[in-house]
Amino acid sequence: MNILVTGGAGFIGSNLVDKLLDLGHKVTVIDSFSPFYNVAIKRKNLERALQYDTFNLYEVDIRDHENLSEIFVLNDFEVVVHLAAKAGVRPSIRIPRPYFDVNVNGTINILEECKIHKIKKVVWASSSSVYGNNKSVPFKETDSVDYPISPYAASKKAGELVCHNYHHLYGINIFALRFFTVYGKRNRPDMGMYKFAKAIQEGKTIQLYGNGEPRRDFTYVDDILDGVIKSIEKVNGFEIINLGESHVISVNELVALFEKKMGKKAITQKFDMQPGDVLETYADISKAKRILGYNPSTPIEAGIEKMLEWFVGERIH
């Protein structure tokens, strides 16, 4: 297939691009190379992909309607995997406007091009953040997500509504995938897993908010990719689907695992919860299993080992 991946230079996107190229697909990436973190990291992420004749790269912002339109005119895409987004719960509280501009208006731009060019298959990255402080666990796709607690979460909820609208009006098949705390090779440096490993390695203090008690459904990136690739193959109608590990541990337990795997004690300092943070994320993945045949297979201990192999050996320091 001829597949467009937006945000393809990022953590999840670049790993997906490598998998799709290995599977024999033609892959085009649109990425703005936003300086949210070191752009050199994103360029390194695509080094392997650039060796393929079946790979194309456009350095374009999804808010740039004119250049975006030209890319769609020049390419006959069959599937769009829309991962490009402004990420991060806490920064979204400080500067909310860009989150809605990228995550909502940018998504509308992508879907408009799909409408114009009659592209009927879209896989879009939502987030477990939409659940907010949902009291019912594990989180089900049928639970109410009308009470987001950060602008980032609200922008992802809005994106889901936009996706449904384009499915309803124009018959575009869309799977909106709610990712649960993804980690692994090429982890963004602003994410908790990366920060913990770096702090332990350098003997610096880890700040544990909520006293380290919040619980997360940490999902290894390869398991997420499996769900995305199965969605590309099976996207039909409109569905919202959880992709998680469906196994929960506290942040304190996570730090203890890093200590064990790295053979070094962490220095920690505990704080109260921060605005926008949730107490727990926990995915009910029964729908993903039923519709996609999704079956996550990387327990947290094995996932941390894999991530640390990359962290020690390949990351940009």
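Laboratory data are not the source of any read-out in this text; all were calculated from the coordinates shown. Everything numeric here is computed off the predicted structure, so don't read it as measured data. Glycine also receives a Cβ, built like all others from the backbone with ideal geometry; neighbour counts cover every protein chain displayed.
Quick notes on this one:
- Using 0.36 nm per residue and subtracting the Cα-Cα separation, the extra length available between K270 and N165 on full extension is 33.5 nm.
- Rg/Rg_ref, the chain, where Rg_ref = 2.2 N^0.38 Å and atoms are Cα: 0.96
- Span from the region 243-301 Cα centroid across to the region 146-189 one, whole angstrom: 20 Å
- Protection proxy ranking for 169-178, 218-227, 264-273, using the average of other Cβ atoms within 10 Å per residue and placing the highest first: 218-227, 169-178, 264-273.
- Fluctuation leader among G132, G210, G106 - the chain, Gaussian network, Cα springs under 10 angstrom: G210
- Cα-Cα over 27 Å, subset of K195/K260; K157/K289; K135/K261; K44/K260; K42/K234: K135/K261; K44/K260; K42/K234
- When E213, E202, E113 are sorted by how many other C-beta atoms sit within 10 angstrom of their C-beta, beginning with the fewest, the order is E202, E213, E113.
- Environment charge of D222, counting only residues whose C-beta is closer than 10 Å and scoring Lys/Arg +1, Asp/Glu -1: +1
- Note on D76 and E112: the extension gain reaches 11.5 nm, defined as 0.36 nm multiplied by sequence separation minus the Cα-Cα distance.
- Interchain or long-range residues, amide H under 5 Å from Y209's placed H: F271
- Order of H117, H25 - criterion: other Cβ atoms within 10 Å of each residue's Cβ, fewest first: H117, H25
- Between K260 and D143, the modelled labels are 2.6 nm apart [label points 7 Å from Cα along Cα→Cβ].
- Other residues within the sphere of radius under 13 Å centred on the Cβ of W124, judged by their own Cβ, net out at +2 (K and R +1, D and E -1).
- Close amide H contacts of E280 (hydrogens built in the peptide plane, cut-off under 5 Å, sequence separation of 5 or more or a different chain): R215.
- Contour excess over end-to-end distance, with Cα ends at D277 and D222 and 0.36 nm allotted per residue: 17.3 nm
- Per-residue Cβ neighbour rank within 10 angstrom, fewest leading, W124, W310: W310, W124
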